[in-house]
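So the structure is just underneath, and the comments pick up after that.
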Amino acid sequence: MRFSILFLAAFISSFNFSNEIQNCNCTDGFVEFCKYDETKNFIGFCSSTEGRRIGKTFYESGTTFEGSYYNDIDSVGTIIWTDGDSFKGELGVVNAGYDIHKSYASSENIIAIGQYVNDTVTSRGFFVLSEKDRFQLIGFGTDFDTDPEADYQYRAGFFEGDNIAGEALIVYNNQVDGPFEVWSDYSIPTEERLFYFIRGKEKRVFGYDSGKMTELRLFNEADEKAKKNIESSIEFEKRKLDNNFEILDDRLKDIDKFFEGNSAVQAKSIKPLSSDLVKSIQELLTILGYEVGKIDGILGPLTIAGIKAYEKAIEISMTGSPTESILIELQESVRLKNNELATAKEPPKQLPIVSTGTGFFIDKNNLVTNYHVVQKCNYLSTETKGLLTIETQDQINDIAILKSYNKSEFFLTLYENPQLGQSIYTGGYPYNEVLDNFNFTAGNVSGLRGTQSNISQFQFTAPVQPGSSGGPILDEKGGVVGVTVSGLGASFAEARNTLPQNIAFGVKVGVLKDILDEEGILFTKGQEFWFSASQERIAQLAKKASIVIQCHSKI
């Protein structure tokens, strides 16, 4: 019999909880809507030994859980309460492979990681259970309030019981003057605590004097440094949280696919979960010449053997496990292999160009692009500057610094992070195999955060297409304010049945400058022109400093 689990689940959820149904017959197969015990009904897979495995549970309280189960306990999936609040993530995470802060890694109070929607507030991070049996953030997390009358719009920082308890960024609402940012460390005693207030280019410091909040001064050099330290701490923790959510997302993807499918349940066992981490490892192993079979994200025997062969080659213990540390080692090995081919006396074996991106020079030899432009390449080339070496790469921020041994007469200067509403221009080489032309577009900064509230990115309205990645984003005086990352394209439209209009993202130039400073790579600060220049002049400036980066690969 062919049927849709989603259709049945939706049909069943329209009825109240009832005991007047048939008991579940769990014999390692699929059971239709049935009575699991005195407090819950169930539809999905269950077995006589393991209990519920994957499916939807309807609790007597009216709460539902849809997902997978571990030892017959709700594990990975979505909880929906009777008032409409919801949680999507994983329950019971202390020993589930996540990078949990050492101060509470052994705490039995941590119950979940995921996204929790409570009324108008959406929270993201690790959670403990409150006295009212709802979730509260613990450690680093973020939350966003969609209520226009709310006190704040966005918070990122360290939480205890839904209250900020450490370094944090809070974006407040102001109906008259617009939103403003406050950076502070709430672990410092109240009377000693400073608040770094920023609205556009306005920067002020506030603190308590005799128990009353008082403006103390405009930013000085020490204040800039203190604010930067808080920002760096938050960005570091945000990256760790994003890495944890990559683990979670891998576990949620197949759960979602299972419930979205409208086909018959043909097997008693569930296929191994596909993983983006495993797929990335498979791709890099293939570039280095190891056999992994099909690049599908599934950890099969060939992939395990490939990992072990690589571990043996770099003289570390052979585990065959797809870990973050192995991924980092592979990335460095691919970078060194690329550089070895690019600097060899003999030209490398000709491989096809599988993709292209854009890069721009920041001095006579060094150029900037995205990490994703270079990550799957055996070697890199350009039409005019020959082969390129990779000097450094930052996967988290999607930045790569390349070096050309053929000097460029033109390069761009790096300015400051963009402001909301600011006019910007982007340049790049989209669809280069078809258009073969430099594309220049204009737009505005429409948001100061990227996807999933990424504070290292910003959103802008200038159209971008595949191949524009890695191109410069400039202001009206020709200073670089960011690096183009991506737009929301076909996959986004297909997933949401809507076509996104003028939604694109860039990496803030401050992130790029930090990477360059850390690597000791010199660059010129400032803007090219004293006054706002014409679009024609900025377009010519961007074009002269930008090139097409060609990715050669055998995968």
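Structural remarks
Residues are listed down the side, and each one gets a yes or a no for (1) under 14 Å from Glu237 (Cβ atoms); (2) free of Cβ contacts under 8 Å to residues at least 12 places away in the same chain; (3) surrounded by 16 or more Cβ atoms within 10 Å (Cβ to Cβ):
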| position | (1), (2), (3) |
| --- | --- |
| Thr142 | yes, no, yes |
| Asp151 | no, no, no |
| Ala156 | yes, no, yes |
| Leu169 | yes, no, yes |
| Ser184 | no, no, yes |
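- Qualifying residues in region 329-346 (those that are under 14 Å from Leu387 (Cβ atoms) and acidic (Asp, Glu)) - the one surrounded by the most Cβ atoms within 10 Å (Cβ to Cβ): Glu340
- The condition (being of a type outside the set (S, T, N, Q), part of a strand (DSSP E or B) and within 30 Å of Pro179 (Cβ to Cβ)) is satisfied by just one residue among Ile424, Ile390: Ile424.
- Residue identified as at positive phi, hydroxyl-bearing (Ser, Thr, Tyr) and out of contact with any His (no Cβ under 7 Å at 6 or more places or on another chain) among Ser453, Ser468: Ser453
- Inclusion of Pro500 among residues that are more than 23 Å from Leu241 (Cβ to Cβ) and modelled with pLDDT under 90 is warranted.
- Residue list for region 326-369, restricted to those being of a type in the set (Ser, Thr, Tyr) and either at pLDDT below 90 or touching a strand residue (DSSP E or B) at 6+ places or on another chain (Cβ under 9 Å) (or both): Thr343, Ser355, Thr356, Thr358, Thr369
- Count - residues of region 80-111 that are modelled with pLDDT of 75 or more, in a loop (DSSP other than H, G, I, E, B) and closer than 12 Å to Ile138 by Cα: 1
- Of all residues in region 388-398, none are crowded, with 16+ Cβ neighbours inside 10 Å and either in contact with a Cys (Cβ under 7 Å, 6 or more places away or on another chain) or closer than 21 Å to Phe529 by Cα (or both).
- Filtered residue count, region 55-73, keeping only those that are surrounded by fewer than 21 Cβ atoms within 10 Å (Cβ to Cβ) and part of a strand (DSSP E or B): 3
- Test: residue in region 235-242 that is touching a Pro at 6+ places or on another chain (Cβ under 8 Å) and either at pLDDT 90 or above or among the β-branched types (Val, Ile, Thr) (or both): no
- For region 9-18, the criterion of a residue being at pLDDT below 90, crowded, with 17+ Cβ neighbours inside 10 Å and either part of a loop (DSSP other than H, G, I, E, B) or in contact with a helix residue (DSSP H, G or I) (Cβ under 9 Å, 6 or more places away or on another chain) (or both) is satisfied by at least one position.
- Test: residue in region 35-54 that is in a strand (DSSP E or B), among the hydrophobic types (A, V, I, L, M, F, W, C) and modelled with pLDDT under 85: no
- Hey, Ile326 buried (at least 17 other Cβ atoms within 10 Å of the Cβ), over 23 Å from the mean Cα position of the chain (by Cα), over 24 Å from Ile549 (Cα atoms) and among the aliphatic types (A, V, I, L, M) or not: no
- Considering Gly289, Gly297, Gly306, the condition of being crowded, with 19+ Cβ neighbours inside 10 Å, outside the structural domain of Gly471 (by TED's automatic domain parsing) and over 26 Å from the mean Cα position of the chain (by Cα) is satisfied by Gly306 alone.
- Ser453 farther than 24 Å from Gly178 by Cβ and touching a Phe, Trp or Tyr at 6+ places or on another chain (Cβ under 9 Å): no
- Boolean, Phe410 is buried (at least 18 other Cβ atoms within 10 Å of the Cβ) and of a type in the set (Phe, Trp, Tyr): no
- Test: residue in region 478-486 that is modelled with pLDDT of 95 or more and farther than 30 Å from Ile170 by Cβ: yes
- Exclusive hit being of a type in the set (Gly, Ala, Ser), at pLDDT 90 or above and over 18 Å from Ser453 (Cα atoms), set Gly166, Gly161, Gly141, Gly178: Gly166
- Failed item, numbered, when Leu541 is tested on (1) at pLDDT below 95; (2) surrounded by 21 or more Cβ atoms within 10 Å (Cβ to Cβ): (1)
- The sole residue among Glu536, Glu518 that is within 24 Å of Val334 (Cα to Cα) and part of a helix (DSSP H, G or I) is Glu518.
The values are calculated or read from the model by the stated rules, or taken from the named source; none is laboratory data. Since we're looking at a predicted model, the values are computed, not measured. Cβ atoms come from the backbone with ideal geometry, glycine included; neighbour counts cover every protein chain shown.
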